[in-house]
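The values are calculated or read from the model by the stated rules, or taken from the named source; none is laboratory data. Note that this is a predicted model, so its numbers are computed, not measured. As a convention, Cβ positions derive from the backbone with ideal geometry for all residues, glycine included, and neighbour counts pool all protein chains shown. Note: accessible area is taken over every heavy atom of the protein model, side chains too, but ligands, DNA and RNA are not part of it. Shrake-Rupley method; radii C 1.70, N 1.55, O 1.52, S 1.80 Å.
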Amino acid sequence: VLYGQATAIKDGEDMSGDSIMVSDHVDGHMYFMLADGVGSGQLAGKQSEKILEFVEKFLQAGYSKETAVQVLNGLLLQEGQESGMSTLDICDLNLYKGVCEFSKVGAAASFHKRDYLVEKIWLENLPLGAFQTVDLDVVRRRLEEGDYVIMMSDGILEAMICAGMEEKLTEFISSLTLQNPRDMAKHILKYCIGSCKGQIQDDMSVLVFGMWKS
(Lines give C-alpha, C1' and ligand atoms only; values in the text may rest on other atoms or scores of the structure.)
Protein backbone atom coordinates (compact mmCIF):
# COMPACT_ATOMS: atom_id res chain seq x y z
CA VAL A 1 0.00 0.00 0.00
CA LEU A 2 1.26 3.43 -0.95
CA TYR A 3 -0.39 6.66 0.15
CA GLY A 4 0.04 10.39 -0.12
CA GLN A 5 -1.74 13.56 0.93
CA ALA A 6 -2.13 17.22 0.04
CA THR A 7 -3.58 20.05 2.13
CA ALA A 8 -4.47 23.70 1.61
CA ILE A 9 -5.16 26.00 4.55
CA LYS A 10 -8.12 28.37 4.53
CA ASP A 11 -7.27 31.92 3.46
CA GLY A 12 -6.32 34.03 6.46
CA GLU A 13 -5.49 31.09 8.76
CA ASP A 14 -2.10 29.74 9.83
CA MET A 15 -3.21 26.18 10.66
CA SER A 16 -5.52 23.69 9.01
CA GLY A 17 -8.61 22.49 10.86
CA ASP A 18 -8.22 19.12 9.09
CA SER A 19 -6.08 16.30 10.44
CA ILE A 20 -4.93 13.10 8.73
CA MET A 21 -3.57 9.90 10.28
CA VAL A 22 -2.48 6.58 8.78
CA SER A 23 -2.11 3.69 11.22
CA ASP A 24 -0.58 0.30 10.42
CA HIS A 25 -1.66 -2.47 12.82
CA VAL A 26 -0.06 -5.87 13.44
CA ASP A 27 -3.35 -7.65 12.69
CA GLY A 28 -3.06 -6.88 8.98
CA HIS A 29 -5.28 -3.81 9.01
CA MET A 30 -4.38 -0.30 7.91
CA TYR A 31 -6.53 2.61 9.03
CA PHE A 32 -6.71 5.78 6.97
CA MET A 33 -8.41 8.53 8.96
CA LEU A 34 -9.39 12.13 8.28
CA ALA A 35 -11.05 14.44 10.81
CA ASP A 36 -12.38 17.91 10.15
CA GLY A 37 -12.91 20.11 13.18
CA VAL A 38 -15.83 22.53 13.03
CA GLY A 39 -14.56 25.91 11.93
CA SER A 40 -10.96 26.57 11.01
CA GLY A 41 -7.65 27.61 12.49
CA GLN A 42 -5.84 26.34 15.57
CA LEU A 43 -8.93 25.51 17.64
CA ALA A 44 -10.39 23.30 14.92
CA GLY A 45 -6.96 21.82 14.12
CA LYS A 46 -6.23 20.83 17.70
CA GLN A 47 -9.71 19.37 18.05
CA SER A 48 -9.36 17.19 14.94
CA GLU A 49 -5.90 16.03 16.07
CA LYS A 50 -7.32 14.93 19.43
CA ILE A 51 -10.12 13.08 17.66
CA LEU A 52 -7.70 10.97 15.63
CA GLU A 53 -5.35 10.37 18.56
CA PHE A 54 -8.28 9.08 20.60
CA VAL A 55 -9.47 6.71 17.88
CA GLU A 56 -5.92 5.48 17.32
CA LYS A 57 -5.45 4.63 21.01
CA PHE A 58 -8.74 2.71 21.10
CA LEU A 59 -7.87 0.75 17.98
CA GLN A 60 -4.42 -0.10 19.34
CA ALA A 61 -6.05 -1.32 22.55
CA GLY A 62 -8.14 -3.79 20.54
CA TYR A 63 -11.47 -2.00 20.56
CA SER A 64 -13.64 -1.84 17.45
CA LYS A 65 -14.20 1.28 15.36
CA GLU A 66 -17.82 1.31 16.51
CA THR A 67 -16.86 1.34 20.20
CA ALA A 68 -14.26 4.05 19.69
CA VAL A 69 -16.73 6.28 17.85
CA GLN A 70 -19.52 5.86 20.42
CA VAL A 71 -17.24 6.62 23.38
CA LEU A 72 -15.75 9.60 21.55
CA ASN A 73 -19.20 10.92 20.68
CA GLY A 74 -20.20 10.75 24.35
CA LEU A 75 -17.14 12.71 25.41
CA LEU A 76 -17.83 15.44 22.86
CA LEU A 77 -21.44 15.68 24.01
CA GLN A 78 -20.24 16.27 27.55
CA GLU A 79 -18.29 19.31 26.35
CA GLY A 80 -21.64 20.82 25.35
CA GLN A 81 -20.16 23.19 22.80
CA GLU A 82 -20.52 23.36 19.05
CA SER A 83 -16.73 23.64 18.81
CA GLY A 84 -16.57 20.10 20.18
CA MET A 85 -18.18 18.71 17.04
CA SER A 86 -16.09 17.11 14.32
CA THR A 87 -16.46 14.96 11.25
CA LEU A 88 -14.65 11.63 11.14
CA ASP A 89 -13.77 9.55 8.09
CA ILE A 90 -12.26 6.06 8.54
CA CYS A 91 -11.14 3.61 5.86
CA ASP A 92 -10.25 0.23 7.34
CA LEU A 93 -8.20 -1.79 4.84
CA ASN A 94 -7.75 -5.51 5.45
CA LEU A 95 -4.45 -6.36 3.76
CA TYR A 96 -5.12 -10.11 3.81
CA LYS A 97 -8.52 -9.97 2.14
CA GLY A 98 -8.21 -6.73 0.19
CA VAL A 99 -11.51 -5.53 1.67
CA CYS A 100 -11.90 -1.86 2.54
CA GLU A 101 -14.57 -0.69 4.99
CA PHE A 102 -15.70 2.93 4.70
CA SER A 103 -17.12 4.44 7.90
CA LYS A 104 -18.20 8.08 7.97
CA VAL A 105 -19.53 10.37 10.69
CA GLY A 106 -20.60 13.56 8.95
CA ALA A 107 -17.65 13.21 6.57
CA ALA A 108 -17.46 14.07 2.88
CA ALA A 109 -17.75 11.49 0.13
CA SER A 110 -14.85 9.28 -0.89
CA PHE A 111 -14.05 7.87 -4.31
CA HIS A 112 -13.02 4.36 -5.38
CA LYS A 113 -11.03 4.49 -8.62
CA ARG A 114 -10.41 1.41 -10.78
CA ASP A 115 -8.74 2.42 -14.02
CA TYR A 116 -11.22 4.90 -15.55
CA LEU A 117 -14.18 3.77 -13.45
CA VAL A 118 -14.90 5.92 -10.38
CA GLU A 119 -17.49 5.20 -7.70
CA LYS A 120 -18.57 7.90 -5.27
CA ILE A 121 -19.05 6.51 -1.76
CA TRP A 122 -21.32 8.60 0.42
CA LEU A 123 -22.97 8.02 3.79
CA GLU A 124 -25.36 10.68 5.05
CA ASN A 125 -25.16 11.31 8.79
CA LEU A 126 -24.26 14.08 11.23
CA PRO A 127 -20.90 14.94 12.86
CA LEU A 128 -19.62 13.67 16.18
CA GLY A 129 -21.16 15.47 19.14
CA ALA A 130 -24.48 16.19 17.42
CA PHE A 131 -26.64 13.41 18.93
CA GLN A 132 -26.54 10.97 21.84
CA THR A 133 -25.68 8.00 19.63
CA VAL A 134 -24.00 7.66 16.26
CA ASP A 135 -25.35 5.49 13.46
CA LEU A 136 -22.07 4.19 12.10
CA ASP A 137 -23.03 2.71 8.75
CA VAL A 138 -20.35 0.81 6.84
CA VAL A 139 -19.81 0.38 3.10
CA ARG A 140 -17.53 -2.46 2.04
CA ARG A 141 -15.62 -2.74 -1.21
CA ARG A 142 -13.10 -5.35 -2.31
CA LEU A 143 -10.07 -3.65 -3.82
CA GLU A 144 -8.13 -5.09 -6.71
CA GLU A 145 -4.50 -4.55 -7.61
CA GLY A 146 -4.01 -1.01 -8.86
CA ASP A 147 -7.19 0.38 -7.26
CA TYR A 148 -7.12 3.75 -5.51
CA VAL A 149 -9.21 5.28 -2.75
CA ILE A 150 -9.50 9.07 -2.53
CA MET A 151 -10.62 10.60 0.75
CA MET A 152 -11.20 14.34 1.18
CA SER A 153 -12.46 16.90 3.66
CA ASP A 154 -15.77 18.64 3.07
CA GLY A 155 -13.93 21.86 2.19
CA ILE A 156 -13.18 20.25 -1.19
CA LEU A 157 -16.69 19.10 -2.07
CA GLU A 158 -18.41 22.22 -0.74
CA ALA A 159 -16.12 24.38 -2.88
CA MET A 160 -16.81 22.24 -5.95
CA ILE A 161 -20.58 22.41 -5.38
CA CYS A 162 -20.44 26.21 -5.07
CA ALA A 163 -18.47 26.36 -8.31
CA GLY A 164 -20.95 24.04 -10.03
CA MET A 165 -18.12 21.56 -10.62
CA GLU A 166 -19.13 18.59 -8.44
CA GLU A 167 -19.72 16.23 -11.37
CA LYS A 168 -16.55 17.48 -13.06
CA LEU A 169 -14.52 16.30 -10.06
CA THR A 170 -15.54 12.70 -10.68
CA GLU A 171 -14.63 13.08 -14.35
CA PHE A 172 -11.26 14.58 -13.42
CA ILE A 173 -10.46 11.71 -11.04
CA SER A 174 -11.46 9.25 -13.76
CA SER A 175 -9.07 10.86 -16.24
CA LEU A 176 -6.02 10.68 -13.97
CA THR A 177 -3.31 8.29 -15.14
CA LEU A 178 -0.84 9.07 -12.37
CA GLN A 179 0.31 6.07 -10.35
CA ASN A 180 1.90 7.80 -7.36
CA PRO A 181 -0.78 8.52 -4.72
CA ARG A 182 1.03 11.65 -3.55
CA ASP A 183 1.07 13.09 -7.07
CA MET A 184 -2.58 12.18 -7.48
CA ALA A 185 -3.52 13.96 -4.24
CA LYS A 186 -1.61 17.09 -5.31
CA HIS A 187 -3.26 17.14 -8.73
CA ILE A 188 -6.74 16.75 -7.28
CA LEU A 189 -6.15 19.58 -4.80
CA LYS A 190 -4.69 21.83 -7.51
CA TYR A 191 -7.67 21.15 -9.76
CA CYS A 192 -10.15 22.00 -6.99
CA ILE A 193 -8.38 25.22 -6.04
CA GLY A 194 -8.26 26.23 -9.69
CA SER A 195 -11.99 25.52 -10.07
CA CYS A 196 -12.60 28.00 -7.22
CA LYS A 197 -10.45 30.66 -8.93
CA GLY A 198 -7.71 30.25 -6.36
CA GLN A 199 -9.91 31.15 -3.40
CA ILE A 200 -9.66 28.78 -0.43
CA GLN A 201 -12.81 29.43 1.61
CA ASP A 202 -12.29 26.40 3.84
CA ASP A 203 -9.49 23.98 4.67
CA MET A 204 -8.97 21.43 1.88
CA SER A 205 -7.39 18.02 2.41
CA VAL A 206 -6.96 15.02 0.11
CA LEU A 207 -5.69 11.58 1.15
CA VAL A 208 -5.06 8.95 -1.55
CA PHE A 209 -3.95 5.35 -1.15
CA GLY A 210 -3.47 2.55 -3.64
CA MET A 211 -3.02 -1.20 -3.23
CA TRP A 212 -0.83 -3.63 -5.15
CA LYS A 213 0.08 -7.28 -4.72
CA SER A 214 3.40 -7.82 -2.97
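Taking 8 Å as the Cα distance limit and 6 or more residues as the minimum spacing, I'd like the relative contact order of the range 8-117 as a percentage. Numbers along the way, then the final one.
Numbers: 180 pairs, mean separation 27.9, N = 110.
Relative contact order comes out at 25 percent.
Summing -39500 (n - 2.57) over the DSSP H runs of n ≥ 4 in the chain and dividing by its residue number, what mean residue ellipticity at 222 nm do you reach, to the nearest 500 deg cm²/dmol? The per-residue figure over the chain is -10500 deg cm²/dmol. Per-residue extension of 0.36 nm, minus the Cα-Cα distance of K197 and D137, leaves a gain of 18.1 nm for this segment. In this view, the solvent-accessible surface of E145, computed with a 1.4 Å probe and all protein chains in place, comes to about 110 Å².
Computed over protein heavy atoms with a 1.4 angstrom probe, the accessible surface ordering of Y116, Y63, Y148, largest first, is Y116, Y63, Y148. The order of V26, V105, V71 by accessible area, most exposed first and with a 1.4 Å probe, is V26, V71, V105. The range 158-214 and the range 90-153 have Cα centres lying 16 Å from one another.
A Gaussian network model of the chain, with springs between Cα atoms under 10 Å, assigns the largest mean-square fluctuation among M204, M21, M184 to M21.
Once a ≥ b ≥ c are taken as the square roots of the eigenvalues of the Cα gyration tensor of the range 69-214, is the result rounded (a/c under 1.5), prolate (a/b larger than b/c) or oblate (a/b not larger than b/c)? Oblate, since a/c reaches 1.5 and b/c is not below a/b.
Taking only C-alpha pairs under 8 Å that are 6+ residues apart, what is the relative contact order of the range 88-148 in percent? Once divided by the residue count of the range 88-148, the mean separation gives 37 percent. Would you work out if the range 142-203 is rounded, prolate or oblate? Take a ≥ b ≥ c from the square roots of the eigenvalues of the alpha-carbon gyration tensor; rounded if a/c is under 1.5, else prolate when a/b is larger than b/c, oblate otherwise. Prolate, since a/c reaches 1.5 and a/b exceeds b/c. Comparing A107, A185, A130 in a Gaussian network model of the chain, where Cα atoms under 10 Å apart are tied by springs, the biggest mean-square fluctuation is seen for A130. Among D14, D135, D92, the largest mean-square fluctuation in a Gaussian network model of the chain, built with springs joining Cα atoms closer than 10 Å, belongs to D14. For K46, the aspartates and glutamates whose Cα falls under 17 Å of its own Cα, not counting residues fewer than eight places away in the same chain, are E13, D14, D18, D36, E56, E79, E82, D89, D202, D203. Using a 1.4 angstrom probe on heavy atoms only, work out the carbon and sulfur share of the accessible area of the range 95-175 in %. That share works out to 50 percent. Relative contact order of the chain, taken over Cα pairs closer than 8 Å and 6 or more residues apart, is 27 percent. The calculated FRET efficiency for E144 paired with K168, based on their beta-carbon distance and R0 = 25 Å, is about 0.45.
So what is the accessible area of the chain per residue, in Å², with the probe set to 1.4 Å?
Working: 10570 Å² over 214 residues.
I get 49 Å² per residue for the chain.
Which of the three applies to the range 1-103, rounded, prolate or oblate, going by the alpha-carbon gyration tensor with a ≥ b ≥ c and a/c under 1.5 meaning rounded? Since a/c reaches 1.5 but b/c is at least a/b, the shape of the range 1-103 is classed as oblate.
When the alpha-carbon atoms of the range 171-214 are used, the pair Rg, Dmax equals 12.1, 41 angstrom.
Here the spin labels are modelled as points 7 Å beyond Cα on the Cα-Cβ line, and at T177 and Q42 they lie 4.7 nm apart.
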